[in-house]
Every structure is written in structure tokens, then in C-alpha cells.
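For reference, the structure discussed in these notes is given below.
Nothing in this text is a laboratory measurement; each read-out follows from the coordinates by a stated rule. All figures in this text were calculated on a predicted structure; none of them were measured in a lab. In this analysis, Cβ positions are derived from the backbone assuming ideal geometry, glycine residues included, and neighbour counts consider all displayed protein chains.
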Amino acid sequence: MTEPTTTRKSTRRTTKSSGNGGNGSAAPSPPPPATPAPLVDEDPEDEFESYGLTRRVVVQGLLIEARGEGKDSTSSTRVSAWEKLGKLLKMFEDKPEEYSPRVLLG
């Protein structure tokens with residue numbers, strides 16, 4: 001019976017010549033150009049729409065909670081839902097109170 005012969009592959013690495021005599025002192029290549037910024041900002045709501053979450057869905061969910069129709073609804077969650085609806089619909093805005101010093105005349 002004849003034994004199978006195996007061949008060895010060379011593990012020697014070869015490098016491309018840089019045209020400078022192979023001494024490895026070639027200047028490094030410049031970095032690739034940076035990716036330009038988009039001209040138009042993407043709508044942040046588009047990101048959530050891929051999950052089925054739209055402004056309409058949020059308002060509907062808050063209305064269900066605010067009306068007490070949600071499961072395990074409490075007075076605290078109802079008040080919170082009404083507050084969030086008001087903010088979302090920009091019915092009122094939070095403004096810091098202006099400080100006006102009081103002068104006591106006496």
C-alpha cells in the first residue's frame with residue numbers, strides 16, 4: 001500500500017514593492033476624506049415611526065389614561081396624563097418666574 005503524500009504550502013509573506021527600493025520608508029497614505037454631514041436634518045419622529053410610535057398614537061394612549069379608561073388607572077396617573085397631553089399639545093409653557101426684588105419703604 002502506498003502512503004499518501006502531503007504538500008506543504010509556504011507561509012512566507014510577500015509584500016508589494018513601494019517603488020522606493022523596498023526599504024519601507026515610504027510616506028504613509030493620507031486618510032480617506034470625512035463623510036459630509038447631511039444637508040437636511042432628519043425628522044426625529046421618523047425614527048420612532050419605524051416602531052409604530054407616532055404622535056397620534058402617543059396622544060391616543062395618553063387620552064385613554066387621562067380619561068381613566070386604562071387598566072389600573074389611578075388619580076395620579078390620570079393627572080400626569082393630562083399634564084403630559086397639555087405639554088405635548090403646547091397648551092401651556094413652563095416659564096420661570098421672573099424675580100422682582102421688593103423694596104420695603106418704611
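What to note about this one:
- Sorted by Cβ density within 10 Å, fewest first, the residues Lys87, Lys95: Lys95, Lys87
- Each of Lys84, Lys71 was scored by other Cβ atoms within 10 Å of its Cβ. Listed from fewest to most, they are Lys71, Lys84.
- Kirkwood hydrodynamic radius over Cα pairs of the stretch 44-88, then Stokes diffusion coefficient at 20 °C and 1.002 mPa s, in µm²/s: 195 µm²/s
- Listed from fewest to most Cβ neighbours within 10 Å, the set Leu104, Leu89 follows the order Leu104, Leu89.
- Per-residue HN-Hα couplings for the stretch 59-76 [Karplus 6.51, -1.76, 1.60; θ = phi - 60°; Hz; x = Gly/Pro]: 4, 4, x, 5, 5, 4, 5, 5, 7, x, 8, x, 5, 6, 6, 10, 5, 5
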